[in-house]
Amino acid sequence: MIHHHHDMDHVKKRWPQFEFRQLPPHTTHTDMRPSPANSTTAPTTSNQDVLVVDQLVHADDWVCDYERSLCHVCTRNFSTFRRKHHCRMCGEVVCRNCTLYKNVNILSIGTTKVRVCLSCIVMVSGAQKLGSPLACATNVTMVSDEASRNWLSNHLTSPAARSETEYYDYSATNQLDYELDYNWDNPWPRAPIAANEPDRLRALASLRILDTPPSSVFDNICDLVSKRLNCPMAAVSFIDADRQWFKASVGLAQTSIPRNVAFCAHAIVSKEPLVVMDTAADVRFCHNPLVTGAACVRFYASAPICDARTGLVVGTVLVLDTAPRDACDASVLEKLANVAMEHLVLKEDRVEKYAARRSSSDATRSTRGSSISTDSLRTAVTSHSSQKQHIRQQLATQQISMSQTLGVHAEQIEKLTCDFARMEAKINAQLLRQ
């Protein structure tokens, strides 16, 4: 393995500096670990940051437990240690780690908590973005005491306690299973290119996601992962042949960066999360301009977004921080990456259904046009036949009239001939008498 050393000032001039917006921090960074979910100090909840009973699914409409063997969000198998729970908004069967507790307003008891899956949290509209008011207070419709009691009997069967956040130490992980390539003009190693890269690029292109307008769903994913992992920078990204494009981001000024400097170029060769507690201590990234430049990225974690049809990695959900860490809950990234792919599948289904409707409509119009053309031709042929028949009738009538006229003229000529013969006979008789 050959290491190439370069002047870092030269590198900084060649590569644009990776910038991030100075946003109000979600939490202080004295302790960079995510706040435990079962902390006794709960954040103050605004009256607006609540659900209403009408947004919840009745227990009779929940998906039956026996119909699901996998969590609807993370697709992991249920087991003795991974129990089944129901999302109160969609009724799907999910595991504990794929849910959060949200406040709901019950007239008879006030505000309580219900379990909601991550998919429902990020699929809500932009007005219901996590961290923003979920509903306008003036538009919240309070239900009757009877409705509240019915809801309580069906939805509050389990205690409203937050699930315990799981932490993972990756200090002994991230063992490289590929050889680093320094055979180029930069001091950091080139990211490996998988053998199925052409197939991966085709799968990405088929999603039609690159350079599309912002989406509240992906914005919500960024907000959620940024807050859950206490990171000032987060993004949902897709990696093509030349760049890492950010579909949504928090704290980043760019909409894309070159693939040559992207940390995620290393992440897309595996379906496992990539967590780097200290980028300055990682041989892959320590000389990268994202680490040595103005951004000074010291912590990086990502989970792959895998295409549902091919299983190929097309993008990532990632977080960045300017301080190194000791632990990270990568399961949050994995779950939200699954949510991102789920939304892409729903979007693709809508596009296919729209295309099918357009095709059916075009076929109907074509059939209708063909039918109209056939009817017009049939009408034209019928009209032509009628005209020919009318002309034949006119010719026959004219022939009969001419025959009758000729007959009359023949009789008149014959009569004149007889009269002329009688006159000639009289003249001859007179001449003989003289």
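The values are calculated or read from the model by the stated rules, or taken from the named source; none is laboratory data. Please read these numbers as outputs of a predicted model, since none were measured by experiment. Note that we place each Cβ from the backbone using ideal geometry, even for glycine, and neighbour counts take in every protein chain shown.
Please work out if residue 276 is within 20 Å of residue 192 (Cβ to Cβ) and in contact with an Asp or Glu (Cβ under 6 Å, 6 or more places away or on another chain). It is true that residue 276 is within 20 Å of residue 192 (Cβ to Cβ) and in contact with an Asp or Glu (Cβ under 6 Å, 6 or more places away or on another chain). Within region 201-220, one or more residues are in the same structural domain as residue 283 (by TED's automatic domain parsing), in contact with a Gly (Cβ under 6 Å, 6 or more places away or on another chain) and closer than 24 Å to residue 254 by Cβ. Going through (1) under 60 Å from the mean Cα position of the chain (by Cα); (2) at pLDDT 80 or above one by one, residue 419 falls short only on (1). Residues considered: 261, 225. Of these, the only one that is more than 21 Å from residue 284 (Cβ to Cβ) and either among the aliphatic types (A, V, I, L, M) or at pLDDT below 95 (or both) is 225. Scanning region 294-331 for residues that are out of contact with any strand residue (DSSP E or B) (no Cβ under 6 Å at 6 or more places or on another chain) and over 18 Å from residue 234 (Cα atoms) yields 308, 309, 310, 311, 312, 326.
What's the number of the condition residue 88 fails, among (1) at pLDDT below 55; (2) assigned to a loop (DSSP other than H, G, I, E, B); (3) among the basic types (Lys, Arg)? So residue 88 meets the others, but not (1).
Just wondering, is there one or more residues in region 257-274 that are closer than 26 Å to residue 71 by Cβ, among the acidic types (Asp, Glu) and out of contact with any Ser or Thr (no Cβ under 7 Å at 6 or more places or on another chain)? Yes, region 257-274 contains at least one residue that is closer than 26 Å to residue 71 by Cβ, among the acidic types (Asp, Glu) and out of contact with any Ser or Thr (no Cβ under 7 Å at 6 or more places or on another chain).
Restricting attention to region 194-250, the residues that are among the β-branched types (Val, Ile, Thr) and surrounded by fewer than 15 Cβ atoms within 10 Å (Cβ to Cβ) add up to 1. Comparison of 337, 303 shows that the only residue that is buried (at least 23 other Cβ atoms within 10 Å of the Cβ), outside any strand (DSSP E or B) and not β-branched (Val, Ile, Thr) is 337.
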